[in-house]
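Undergrad: Next up is a structure, given as C-alpha cells.
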C-alpha cells in the first residue's frame, strides 16, 4: 500500500475542491475520469486537462498522463496527474491509502470498501459502512461537508442552491438531444431571456440577469433535459476562476475523514 496516495474518481468542479485540499496537504493525488467528461464549470475542473493536456486551477497544476511512468513523474514534479480510466484499473496497480468517489452520479458506479483501506463517497448514492467506509454530505445547508461514519447522506433534492434568491432559474438545460452550439461561454454577462446556446437550432435562454458561470464544452452531444450550464446573478469574473465555497467545504470534510481513519489504521 502507498500510504501517501489518494485516488479520486471524478474530476469535476466539486471533486476538484477535494483534489486541491489533499494536494496542498501533501498527499499524492491521482485523478481518474471518463474519456469524455461532461463538466459544466470547466474553468475550475481538473477534468479539462484531458482535453487541454494541462490546466492550472489556482495554485494547482493538473496534467494528462497515459501510463504509470508518467503518473510517477507528475508526482515528482508536484503536479496532479489525471488519466482516462473510468473502470479504475489503476487502483489495483497503485494500491492507494484512500479512494474518494467524487463522480457525483447520485448513485454508486462501482466503488467498494475492498478497494482501499479508506473509501469515501461524496453525496447521495453511498451508504457508510456498507459500500464505502465514510460518506461526505454534499447538500448545501447546516450539514454541508459533514462526515458520516454510518448511514446515508441527504437524498438528492434535484434543486440547486439558492444564490441571491435564485435557484432553478440559474440552471440551463438542453431543449433537445444533439450537439450544443455555445453562443455565450463562461464569463459572458447575459440578460434574462437572452439566447446563450442552441441545440438542434432550439434556443437555450438565460433565466435571469447575470454571468455565465458554467457551460458545457462546445460541440458536446447532450440529451434533452440535461444540465448544460448555469448563470450566476453575481457578476464577478473571479468566480469563474476559483473553487467554490461548496467544493472547499466538501474537500475539508474529505481531508478530515482521511486523517481520522488513517490515525485509527496506524494504531
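Read the figures in this text as sums done on the coordinates, not as results from a lab. Note that the structure is a prediction, hence the values are computed from the model and not measured. Note: ideal-geometry Cβ built from the backbone for every residue, glycine included; neighbour counts use all protein chains shown.
Undergrad: Considering the Cα positions of the range 87-154, please state its Rg to one decimal place and its Dmax as a whole number of Å.
TA: Final numbers for Rg and Dmax: 11.7, 39 Å.
Undergrad: With the contact rule set at Cα under 8 Å and sequence spacing of 6 or more, what percent relative contact order holds for the range 162-222?
TA: 39 percent
Undergrad: Compute the projected area of the convex hull of the Cα atoms of the range 198-267, averaged over all viewing directions, and report it in nm² to one decimal place.
TA: Average of the hull's projected areas for the range 198-267 equals 7.4 nm².
Undergrad: Rounding to the nearest 10 and keeping the result within 0 to 90°, find how far the Cα-based axis of helix 245-266 lies from the longest principal axis of the chain.
TA: Taking Cα atoms only, the helix is inclined about 10 degrees.
Undergrad: Going by C-beta contacts inside 10 Å, put 46, 127 in order with the fewest on the left.
TA: With the sparsest Cβ surroundings first, the list reads 127, 46.
Undergrad: Across every pair of different alpha-carbon atoms, what Kirkwood hydrodynamic radius in Å does the range 168-233 reach?
TA: 11.1 Å is the Kirkwood radius here.
Undergrad: Further question: State whether the range 60-179 is rounded, prolate or oblate according to the following rule on the C-alpha gyration tensor (a ≥ b ≥ c being the square roots of its eigenvalues): a/c under 1.5 gives rounded; otherwise a/b larger than b/c gives prolate, and the remaining case gives oblate.
TA: In terms of gyration-tensor shape, oblate.
Undergrad: Taking 41 Å as R0, compute the FRET efficiency from the Cβ-Cβ separation of residue 51 and residue 4 and round it to 0.05.
TA: Plugging the Cβ-Cβ distance into 1/(1 + (r/R0)^6) gives 0.90.
Undergrad: Please report the relative contact order for the chain, taking Cα pairs under 8 Å with a sequence separation of at least 6, and give it as a percent rounded to a whole number.
TA: Across the chain, relative contact order equals 20 percent.
Undergrad: Taking the Cα centroid of the range 82-102 and of the range 120-150, what is the distance between the two, rounded to the nearest whole Å?
TA: After rounding, the separation between the Cα centres reads 19 Å.
Undergrad: Using the alpha-carbon centroid of each, what span in Å lies between the range 165-184 and the range 227-257?
TA: 19 Å
Undergrad: Next question. What percent antiparallel are the DSSP beta bridges of the chain, to the nearest 5?
TA: Roughly 50 percent of the beta bridges in the chain run antiparallel, per DSSP.
Undergrad: What is the calculated FRET efficiency for residue 157 to residue 256, with r their C-beta to C-beta distance and R₀ = 22 Å, to the nearest 0.05?
TA: 0.35
Undergrad: May I pose another question? Compute the distance in nm between two label points, each set 7 Å from the Cα along the Cα-to-Cβ direction, one at residue 92 and one at residue 201.
TA: Inter-label distance under the simple model: 5.1 nm.
Undergrad: Per residue and in Å³, how big is the convex hull formed by the alpha-carbon atoms of the range 146-267?
TA: Value for the range 146-267: 136 Å³ per residue.
Undergrad: Order by neighbour count: 19, 171, 237, 148, fewest other Cβ atoms within 10 Å first, most last.
TA: Least crowded to most crowded, the residues run 237, 171, 148, 19.
Undergrad: Let me ask something else about it. I'd like the projected area of the chain, averaged over all directions, using the convex hull of its alpha carbons. Report it in nm² with one decimal.
TA: Taking a quarter of the hull surface, the average projection is 13.4 nm².
Undergrad: Relative to the longest principal axis of the chain, what angle (0 to 90°, nearest 10) does the C-alpha long axis of helix 68-77 take?
TA: Taking the Cα atoms of the chain, the angle to 68-77 is about 90 degrees.
Undergrad: Follow-up. Which values, in whole Å and largest first, are the semi-axes of the equivalent ellipsoid of the range 1-108 obtained as the square root of 5 times each eigenvalue of the Cα gyration tensor?
TA: 18, 16, 13
Undergrad: While we're here: Could you calculate the contour length gain from residue 223 to residue 192, that is, 0.36 nm times the residue separation minus the distance between their Cα atoms, to one decimal place in nm?
TA: Additional length available on full extension: 8.8 nm.
Undergrad: Related question: Sort 266, 48, 154, 224 by Cβ crowding within 10 Å, fewest neighbours at the top.
TA: Ascending number of Cβ neighbours within 10 Å: 266, 224, 154, 48.
Undergrad: Right, next: For residue 241 and residue 167, compute 0.36 nm times the residue count separating them, minus their Cα-Cα distance, and round to one decimal in nm.
TA: In short, 24.5 nm is gained.
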